[in-house]
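> Have a look at the structure that comes next, please.
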Amino acid sequence: MEYLIPFNRPFLTGKENEFVNEVFRTRNLSGNGPFTKKSQAFFENRFGFGKCLLTTSCTDALEMAAILIDIKPGDEVIVPSYTFVSSANPFILRGAKIVFIDSKNNHPSLDENQIESLITKKTKAIVVVHYAGTACNMELVMSIAAKYKLYVIEDAAQAIANNYSFSDKSKKFLGSFGHLATFSFHETKNISSGEGGLLVINDKTLVERAEIIWEKGTNRNAFFKGIVDKYNWVDVGSSFLPSELIAALLYSQLQSLDEIQKKRIAIWNQYKNGLKEWALLNDVEISYIPEYSGNNAHIFYLIFNTSEKRDNLILKLKNKGILSVFHYLSLHKSPYYKDKHDGRELVNSDRYSDCLLRLPLFVDLTEKEVTHIINIIVN
């Protein structure tokens, strides 16, 4: 079915052809070329990140992270149940046991207050997923990690350009807290190169090895920098770096980051202002932003008090040619992992699986279209 208003429509800045043609003109098609370097530098300079390495996906970036912190069979990794499978899979591939943590009762992100109770002698890392691009309480997470000497990996797939506010009003960008952080540039994200991802290495002791893993386990990057006179196989690794075509697409998007964010935030605010009274009258929760988080307008969601009401609105909008969608299914109940889970009930994760709905949100969505969607919902 073709929808009059889809859930998502990738935004094109108009600079894509220019940058991609530059790749064709120079015939520098493989990875780690000029656009790769410019994109990586953008993130390091704009957001104060440590070393940045482009990857072919956020999943690849997470797989690099699992290798970098030496995940081994028997290790335990704390991961939200309400997230995409890529938050857990890379650690499973290295033999880890996933210890799923529930969401907060007022937000789908992990409940930071439950972390400490899940830590054992085998715990090695905490994966923090900034759901909808909204910040988790990173001060609390980092203090717990420091206390128990654990790695923190920020799965910031949805969180580009968002920040965390400290009590003194100072701010720090999401992705700059964890020892490692990952971002996604899938076509559903605010900034897109079709596919693509980024690994941020904030722990300087991990940078050299990250570059080796990124280059298939060789010290090829050191060779190109003139540090060694020939490169060799020195560690495990894989082909994680993307082609210059992907990097060129990404760089074209980064040039319009401020414009993209401004438009998305305007749409998000229009939804909020148009639906808040209806939501209050109908016992529906709307997207929540805690005081310590900024808003990058990645998702606008509604949470109903029953799955039936959620599904009824999905159908109502579908009948009007508008695609709205639910989101994750709790990973602890998945066919693959349900027999491996320790049996704890994760009630909030299940509630969001059953009752959360996402509304269309993309740059080309017009004010008139948003008004139309709001009118259908409230009438």
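> Would you check segment 211-293 for Lys pairs whose C-alpha atoms are within less than 19 Å, ignoring same-chain pairs closer than 8 in sequence, and give me the count?
The result is 4.
> How large is ³J(HN,Hα) for each residue in segment 140-149, as worked out from phi by the Karplus curve 6.51 cos²θ - 1.76 cosθ + 1.60 (θ = phi - 60°), to whole Hz, x for Gly and Pro?
5, 4, 5, 5, 5, 4, 5, 4, 9, 6
> If I histogram all Cα-Cα distances within segment 260-379 using bins 10 Å wide from 0, what percent of pairs lands in each bin?
That works out to 12, 40, 31, 13, 3, in percent per bin.
> I've got another one for you. Between F224, A161, I213, whose Cα lies farthest towards the positive end of the dipole of the chain when Lys and Arg beta carbons carry +1 and Asp and Glu beta carbons carry -1, centred on the Cα centre?
After comparing all options, I get F224.
> I'd like the Karplus ³J(HN,Hα) series for segment 336-345: coefficients 6.51, -1.76, 1.60, θ = phi - 60°, whole numbers in Hz, and an x wherever there's a Gly or Pro.
6, 10, 4, 7, 9, 5, 7, x, 5, 7
> Still on this structure, please answer the following. Show the residues, 5+ positions off or on another chain, whose built amide H is closer than 5 Å to the amide H of T218.
It is V234, by chain and number.
> Next question, about the same structure. Using amide H atoms built 1.01 Å from N in the peptide plane, name the residues 5+ places from N163, or on other chains, whose amide H lies under 5 Å from its own.
L174, G294, N295
> Hey, can you grab everything whose amide H is under 5 Å from the amide H of K51? Only 5+ residues off in sequence or another chain; H modelled, so Pro and N-termini drop out.
Here I201 satisfy the definition.
> Take Y151, Y271, Y3 and order them by how many other Cβ atoms sit within 10 Å, fewest up front.
Y3, Y151, Y271
> ³J(HN,Hα) across segment 170-186 via Karplus (A = 6.51, B = -1.76, C = 1.60, θ = phi - 60°), whole Hz, x for Gly/Pro?
6, 10, 9, 6, 5, x, 9, 8, x, 4, 9, 8, 10, 10, 10, 10, 4
> Could I ask something else about it? Could you list W214, W278, W233 so that the one with the fewest beta carbons within 10 Å of its beta carbon is first and the one with the most is last?
If I rank by nearby Cβ atoms, fewest first, I get W233, W278, W214.
> Hey, of [x] 71, 54, 45; [y] 73, 46, 41; [z] 77, 68, 54, which did the structure itself give for Cα extents along the principal axes in Å when calculated?
Evaluating Cα extents along the principal axes in Å on these atoms matches [x].
Bear in mind that the values in this text are calculations on the coordinates, not laboratory data. Fair warning: this is a prediction, and the values are worked out from it, not measured in the lab. Note that we place each Cβ from the backbone using ideal geometry, even for glycine, and neighbour counts take in every protein chain shown.
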